[in-house]
Amino acid sequence: MAKPKKVCVVGSGNWGSAIAKIIGNNALDKPELFEREVRMWVFEEMVDGKKLTEIINTKHQNVKYLPDIALPENVVAIPDVKDAAKDADILVFVLPHQFVRGVCNQLKDKMKEGTVAVTLIKGFDVAEGGGILLISDVIRNLLNIPCAILMGANIANEVAKENYCEATVGCKDPELGRLHKSMFQTKYFRIVVVDDEETVEVCGALKNIVAVGAGFADGLGYGDNTKAAVIRLGLMEMVKFCEVFYPGSQQSTFLESCGVADLVTTCYGGRNRRVSEAYVRTGKTIEQLEAEMLNGQKLQGPPTADEVNVMLKNKKMEDRFPLFTAIHRICKGELPATKFLDCLKNHPEHMISHK
Ligand SMILES: NC(=O)c1ccc[n+]([C@@H]2O[C@H](COP(=O)([O-])OP(=O)(O)OC[C@H]3O[C@@H](n4cnc5c(N)ncnc54)[C@H](O)[C@@H]3O)[C@@H](O)[C@H]2O)c1
Ligand SMILES: O=P(O)(O)OC[C@H](O)CO
């Protein structure tokens, strides 16, 4: 029988802490599969004069990023990522996408034979030459280990309260897919494993751009019908993006939690939506609002819109993705938010007479 796996959660923000709670409890419930101690790498900072790692290890709560939620005592916060990941069998990457390359560089050549990863990170990396890379590819390339993906309609605070929801694991290897399912699944967090890894990940990244558009529609004072149009046109562009850049992508994946469900929850309940609404209403910059409204949490939508736009511009394909392009230009202040509706009205989807 295989030895129980040592798990390290790389990240401890809002979602990182919520997923550490799930994995910690599963490690307690399944000692035959997982080692009791689950390490969680914490980007160290001072909170009320104390180190966040010390607060987490004594209070068993991440008071800054997931307050009022008890973490199991076997989740141990560690400030050095190399110490946290040492000897790990499974690395669960869950940090804002802008930091993943720096963190992986610290772990390069340090992983033992047989280590595997799962990424919960929504976003892209910019490739040399102006394309985009999947975050799972950054992890695979830098650490030379396999990497599966978990995405879904998972607002962290709701998952942490144990409200029922679903998630999708993208994993081509069936045996690893089963292992990941047993690490993540609980009575209230239900997992479906599919082999369409790329679509699962691309959906998770792109829905954050659409959520920014939903926030603009709210900020402009339009109602739910307009938001539904943003969601529909956003979904059409997500599907087209996969067809063009990730051929082989399966339509059925869009019907999993990582697709339509995540799009809906983010466009109603997410941080990207909330800050983007405030951007239209206040005229402050996104960076200013992120700092004022999120207490250290990070937005993924505006930087993802930027990363996607670099590629679309390079390939002269901005006009094929007008919603993504307009959202990016509004974030950058290149287009007034009031022009957002023109983008919806003139969307190429409406120019086709019959399908
Ligand atoms: N929060 C959610 O509801 C949710 C749900 C599903 C997926 N996600 C995705 O999970 C990923 C992580 O999100 P989150 O909510 O856990 O993070 P978060 O938005 O709470 O981000 C804050 C985290 O970033 C860390 N950080 C700050 N500066 C850093 C640096 N220079 N280097 C490394 N880390 C630094 C902070 O210490 C903190 O742990 C994102 O890609 C997000 O899209 C989030
Ligand atoms: O709060 P957001 O906008 O980063 O979205 C959170 C999650 O991705 C929802 O699944």
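Compute the length gained on full extension between LYS298 and LYS187: take 0.36 nm times their separation in residues and subtract their Cα-Cα distance, giving the result in nm to one decimal. Mind showing how you got there, number by number?
On the way: separation 111, 0.36 × 111 = 39.96 nm, distance 2.89 nm.
Extending this stretch completely gives an extra 37.1 nm.
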- In the stretch 136-249, what % of DSSP beta bridges are antiparallel (nearest 5)? 35
- Query: Between LYS316 and GLU113, what is the FRET efficiency for a Förster distance of 45 Å, r being their Cβ-Cβ separation, to the nearest 0.05?
  - Reply: 0.50
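Note the full-extension length gain between LEU341 and GLU158 as 0.36 nm times their separation in residues minus their Cα-Cα distance, in nm to one decimal.
Using 0.36 nm per residue and subtracting the Cα-Cα distance, I get 62.7 nm.
Grab the Cα-Cα distance for GLU54 and ALA291, subtract it from 0.36 nm times how many residues apart they are, and report the gain in nm with one decimal. All intermediate terms of the calculation are to be shown ahead of the outcome.
On the way: separation 237, 0.36 × 237 = 85.32 nm, distance 2.43 nm.
This chain segment gains 82.9 nm when fully extended.
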- Task: Can you pull the one-decimal nm distance between simple spin-label points at ALA70 and ASP195, each 7 Å off the Cα toward Cβ?
- Result: 4.3
- How big is the chain on each of its three principal axes, counting only the C-alpha atoms and giving the largest first in Å? 61, 46, 39
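What FRET efficiency, computed as 1/(1 + (r/R0)^6) with R0 = 25 Å and r the Cβ-Cβ distance, is obtained for LYS30 and GLN251, rounded to the nearest 0.05? Write down the numbers at each step before the final one.
Numbers: r = 34 Å, r/R0 = 1.37.
Computed FRET efficiency for LYS30 and GLN251: 0.15.
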- Task: Just the number, please: carbon plus sulfur as a percent of the accessible area of the chain, 1.4 Å probe, no ligands or DNA/RNA counted.
- Result: 50
- Task: Out of all DSSP beta bridges with both ends in the chain, state the antiparallel percent to the nearest 5.
- Result: 25
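Scale the Cα Rg of the stretch 258-355 by the rule-of-thumb value 2.2 N^0.38 Å and send over the ratio, two decimals. Don't jump to the answer; show the numbers that get you there.
Working: Rg = 14.6 Å, N = 98, 2.2 N^0.38 = 12.6 Å.
So the stretch 258-355 has a normalised radius of gyration of 1.16.
Sequence gap at least 6, Cα distance under 8 Å: using those rules, report the relative contact order of the chain to the nearest whole percent.
Details: 678 pairs, mean separation 50.9, N = 355.
Across the chain, relative contact order equals 14 percent.
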- Message: Can you give me the distance in nm between label points at GLN106 and GLU349, each placed 7 Å from the Cα along the Cα-to-Cβ direction?
- Response: 4.2
- Within the stretch 42-107, list the trypsin sites (Lys or Arg not before Pro) lying in a DSSP loop whose Cβ has at most 11 other Cβ atoms in a 10 Å radius. none
- Task: Considering only protein heavy atoms, with the full assembly of protein chains and a 1.4 angstrom probe, order ASP262, ASP224, ASP306, ASP218 by accessible area, largest first.
- Result: ASP224, ASP306, ASP218, ASP262
- Cleavage-rule hits, trypsin sites (Lys or Arg not before Pro), the stretch 149-185, DSSP coil, Cβ neighbours within 10 Å at most 16: LYS161, LYS172
- Message: Between ALA127 and ASP83, what is the label-point separation in nm under the 7 Å Cα-to-beta-carbon projection?
- Response: 3.8
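The values are calculated or read from the model by the stated rules, or taken from the named source; none is laboratory data. Keep in mind that what you see is a predicted model, and the values were worked out from it rather than measured. Every residue, glycine as well, gets a Cβ built from its backbone with ideal geometry; the counts of neighbours run over all protein chains shown. Only protein heavy atoms, including side chains, enter the accessible area calculation; ligands, DNA and RNA are left aside. Shrake-Rupley method; radii C 1.70, N 1.55, O 1.52, S 1.80 Å.
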